[in-house]
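Single-structure report; data block below.
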Amino acid sequence: MPIARGSSSRRGPTPPPIVVAAVPGAIEQILDNLLDNSIAMAPHGSTVEVIVDADAMTHRLVVIDHGPGLGDQDKERATGRFWRGDTSRPGSGLGLAIATSLARASGGSLALGGLTVTVEFSAWSAPSGAVLAQSPPSPGRALHR
């Protein structure tokens, strides 16, 4: 399935379903913003990885690209509103700020590494007999640009 012109995607092994308590639509918007940034910055032909990782207390959504990455000074500013690392590309500079706000509003966090963004959420166990409003998150996948 093409993600961007000249791209493809592939799925890794299907992890067991995980559930987090999050603001409705937050995970989708966070993932959309992170993938948009990663695909824009990754060199043509490289891979953008999406990893869903879980343990008993914390569930993580990790996006890894092979673009230029962020230096320490840029990592401190990149989640601020209107910050843009590359002003030659279109964008408002709001994507990471929105993703960070949604993660925090959901009781989670967003951390920037050089080429990695990690969003953490607290694990959530449904009360006995509860019905989930939405299906569990999609399994991890790698995107090729």
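Bear in mind that the values in this text are calculations on the coordinates, not laboratory data. Just so it is clear, the structure is predicted and the values come from calculations on it, not from any experiment. All Cβ positions, even for glycine, are placed from backbone atoms using ideal geometry, and neighbour counts span all protein chains on display.
The table below gives the values:
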| item | result |
| --- | --- |
| Per-pair calculated FRET efficiency, R0 = 22 Å: ASP74 and THR47 via Cβ, rounded to 0.05 | 0.50 |
| Virtual spin-label span in nm between ALA21 and SER92, 7 Å along Cα→Cβ | 3.0 nm |
| Extension gain (nm, one decimal) between ALA105 and ARG81, 0.36 nm per residue minus Cα-Cα | 7.0 nm |
